[in-house]
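Written out below as structure tokens is the structure these notes cover.
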There are 2 protein chains.
Amino acid sequence: MPAREYTPRERIVYSAAQVVRERGVSGAGLREIVDRADAPWGSLQHYFPDGKQQLIGEAIGWAGAYAAARVEEYAAALGTPTPGALFAVMAAQWERDFARRGFAAGCPLVAAAADVAADSAALREAVRDAFAAWTAPLTAALRRMGVPRRRAASLAVVMLSALEGAIVLSRTSEDLRPLRTVVRELRPLLDAAVPGAGSGRRA
Amino acid sequence: MPAREYTPRERIVYSAAQVVRERGVSGAGLREIVDRADAPWGSLQHYFPDGKQQLIGEAIGWAGAYAAARVEEYAAALGTPTPGALFAVMAAQWERDFARRGFAAGCPLVAAAADVAADSAALREAVRDAFAAWTAPLTAALRRMGVPRRRAASLAVVMLSALEGAIVLSRTSEDLRPLRTVVRELRPLLDAAVPGAGSGRRA
């Protein structure tokens, strides 16, 4: 987490997202979430009177907002803003995370989807909304790079799909190659979506 | 399941994979697995003396073998065997499954990865091996279609990554469009990997 002082409530939501990344929703214990948040046990009931469902819903929302903010940040920081370069930095964030902290934690949205889609309409919708929150700035960034409107929405779906799948493959094989492979293979396709992008132009 | 008579043991493994598809590993109850398998409760202990871990490991192995068999079958049945056409039929299987049975069940390998990667080396390795079992016939099929060796391995990773991610997006949005979008966007890239493939040729 960044350096400013977070409230106990914020720390619990963040902690819930982190535990879901490792163990899924069903496997995420409230005791572990509160312990990792360095919060008193009673604060759980105080801040989340509706219990685990409420807390997980907020953690999913947090994850979507976090992913969206990273996309904005990466897109703004690119020296040469191309779709392929943006995809590469999105994947590089995961490479760094795996390289530094090991392969224990995956994407919280994929983990939550696996557990809740069948049994909780409210949490399934929270995951859907989180993906939508992530897709929106990605599509907008592609548009600013010159990708035509309909293509931008499609390529955002391709980027998130390939990234999420490669995270699962890298995590389970404890190997960064799947992430690197999707970047290498998709970069030309993504860059060629900008009309007049020269050598990357689509056939 | 196909029509031949399955043993109670086989039915329990199949049932475990189906329940994991809906609820993940932590959320999968043994009682539900046995009930859906239409097997006596005692058969669980009889066939799986090492308990849930053993059963889930076998269910993951079954899922990898199932996915691999489907790839073989689809590749053999293609009128015009191209990489893009193979990807399209792999995605179409999921479209049919969602259209017929709703969006409750996702891929068991992704669901298992979310729950077990952090906590069980044995089950993480089972998921890794299942993905490898699925990747092998896919890479072999791409090779037979004329894709150069190294490219075939890379594109198999792209196909599985994009498919798995799109399954999550389609499932959580209860909408087939993510699956259709990745097929539409990736077909030209995949088909252009066959040298001399004409209009799909890579720029």
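Here, each number is a calculation from the coordinates, and none is a lab measurement. This is a predicted model, so every value here is computed, not measured. A quick note on method: Cβ atoms are made from the backbone with ideal geometry, for glycine too, and the neighbour counts reach across all protein chains shown.
Okay, here's what the table says:
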| read-out | value |
| --- | --- |
| Most fluctuating residue given options B:D115, B:D97, B:D50, as computed from a GNM of chain B linking Cα atoms under 10 Å | B:D50 |
| Charge dipole magnitude, Cβ of K and R +1, D and E -1 - chain A, Cα centre, debye nearest 20 | 820 |
| Neighbourhood net charge (11 Å Cβ-Cβ; Lys/Arg +1, Asp/Glu -1) for B:D97 | +4 |
| Peptide A:77-90, shielding by other chains (average Cβ, 10 Å cutoff) | 0 |
| Within a Gaussian network of chain A (alpha carbon springs, distance under 10 Å), most fluctuating of A:A133, A:A118, A:A88 | A:A118 |
| Average beta carbon contacts from partner chains per residue of A:182-193, 10 Å cutoff | 4 |
| Cβ-Cβ FRET estimate between A:A76 and A:A122, R0 fixed at 30 Å, reported to 0.05 | 0.35 |
| Most fluctuating residue given options A:V20, A:V158, A:V127, as computed from a GNM of chain A linking Cα atoms under 10 Å | A:V158 |
| Surrounding net charge for B:K52, when Lys and Arg each add one and Asp and Glu each subtract one, Cβ distance under 14 Å | -3 |
| Gyration tensor verdict on the protein assembly as shown (Cα atoms; rounded if a/c is under 1.5, prolate if a/b is larger than b/c, oblate otherwise) | oblate |
| Cut-off of 10 Å, at most 16 other beta carbons, DSSP loop: longest stretch of chain B lacking such GluC sites (Glu not before Pro) | B:6-173 |
| R0 of 30 Å, Cβ-Cβ distance B:E95-A:A132: FRET efficiency to nearest 0.05 | 0.90 |
| Cβ neighbours within 10 Å from other chains - mean over A:13-24 | 3 |
| Net charge contributed by nearby residues that have their C-beta within less than 13 Å of A:R177 (K/R +1, D/E -1) | +1 |
| Sparsely packed trypsin sites (Lys or Arg not before Pro) within region A:94-203, loop by DSSP, other Cβ within 10 Å at most 14 | A:R201 |
